[in-house]
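Read the figures in this text as sums done on the coordinates, not as results from a lab. Everything numeric in this text was worked out from a predicted model, so none of it was measured. Counting neighbours? That spans all protein chains shown, and the Cβs are built from the backbone with ideal geometry, glycine included.
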Amino acid sequence: MTSLVPGPHRASHRPSGTVRPAGEPAVGLPRWAFVPAAVGGLLVLLPLVAMGSRVDWSSFASLITSESSLAALGLSLRTAATSTLLCLVLGIPMALVLARARFAGLDLLRSLVLVPLVLPPVVGGIALLYTFGRRGLLGSSMEVLGVQIAFSTTAVVLAQTFVALPFLVISLEGSLRTAGTRYDVVAASLGARPTTVLRRVTLPLVWPGLASGTVLSFARALGEFGATITFAGSLQGVTRTLPLEIYLQRETDPDAAVALSFLLVLVAVLVIASTRTHRRVR
């Protein structure tokens, strides 16, 4: 009788997600792919290296710890964290609807959700201004109630959320489609309520996609400039985030602008690296 257990002469099938042993060749990777890959890597890395070479390291600490720099950095971190939380609250249901719901106009809705990805940020700022500004679609009614959003810290959060939300939605929607619904159906057949299925089954299954989308949203919010300056202005301690501070310092103190730019890069790298480390630990 022929054994069903694969012998040593047969190709073994490694489970998905396992690490390929060192020295094992990548299957199906053409050699020419390394050339454009290297060019692409240099295109990303060389500008960062060039910027780092222009940093005045002798006065780096004093440049990034000035009162205006610390205020801008603190505001950027607070507003980016708040907008990321808002992206999670709004983006998870949006991704669920786009991935699992079936109704007329779903493709159009998906296209509209992704519009901020292709819009210039300044156009997004103008759209927000005509929505929440003093004479905007909703802003005029809010003004009567004594609520003013434009040119406030709330405006910064809304601008960052507007440009960052699609990153979370598109990442999570892709993960939901890949995961499928078989485990959700099993949990529902055992009597679990839809919210329980979402919390105990669906979200844990798509955790890598959710984590990636969250990091992308935070990084995009942290670096947002165009929509913020158009909709929120540049008031120190209120709406002047770190990208706006870098832009202003570039005209008056180029050394400070370069130092703050390098600081922003370091913060972004640390956030992404910490998330990837957390995913490997899991």
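Rounded to the nearest 0.05, the FRET efficiency derived from the C-beta distance between GLU67 and SER274 at R0 = 30 Å is 0.60. The angle between the Cα long axis of helix 153-179 and the longest principal axis of the Cα atoms of the chain comes to about 10 degrees, rounded to the nearest 10. The Rg/Rh ratio for the chain, using Cα coordinates for both the radius of gyration and the Kirkwood hydrodynamic radius, is 1.06.
Site pair ARG250 and VAL97 shows an inter-label distance of 3.7 nm when each label is modelled 7 Å from Cα along Cα→Cβ. On full extension, the segment bounded by THR196 and ARG78 gains 39.4 nm, given 0.36 nm per residue less the C-alpha separation.
Peptide packing: for 53-63, 129-139, the average count of neighbouring Cβ atoms within 10 Å per residue gives the ranking 129-139, 53-63, highest mean first. Each peptide in 30-38, 113-121 receives the mean, over its residues, of other Cβ atoms within 10 Å, and ordering these scores from highest gives 113-121, 30-38.
Given axes a ≥ b ≥ c from the Cα gyration tensor, I'd like to know whether the stretch 139-282 is rounded (a/c under 1.5), prolate (a/b larger than b/c) or oblate. In terms of gyration-tensor shape, oblate.
I want to make sure I understand the PRE zone here: with the label point 7 angstrom from the Cα of LEU90 toward its beta carbon, which residues in the stretch 103-136 have backbone N atoms less than 13 Å away? Only 113-117, 125, 128-129, 131-132 fall inside the zone, counting backbone N under 13 Å.
Kirkwood radius for the stretch 78-191, taken over all pairs of different Cα atoms as the inverse mean of 1/r, rounds to 16.0 Å. Between helix 34-53 and the chain, what is the angle of the helix's C-alpha long axis to the longest principal axis, kept within 0 to 90° and rounded to the nearest 10? That works out to roughly 30 degrees. Debye-formula intensities of the stretch 131-191, expressed as log10 I(q)/I(0) at q = 0.16, 0.18, 0.22 Å⁻¹, are -0.66, -0.71, -0.87 (one equal scatterer per alpha-carbon, no solvent). Taking Cα atoms only, the orientation of helix 254-281 departs from the longest principal axis of the chain by about 30 degrees. Basic side chains Lys and Arg get +1 at the Cβ, acidic Asp and Glu get -1 at the Cβ, and with that the dipole of the chain about its Cα centre reaches some 1360 debye.
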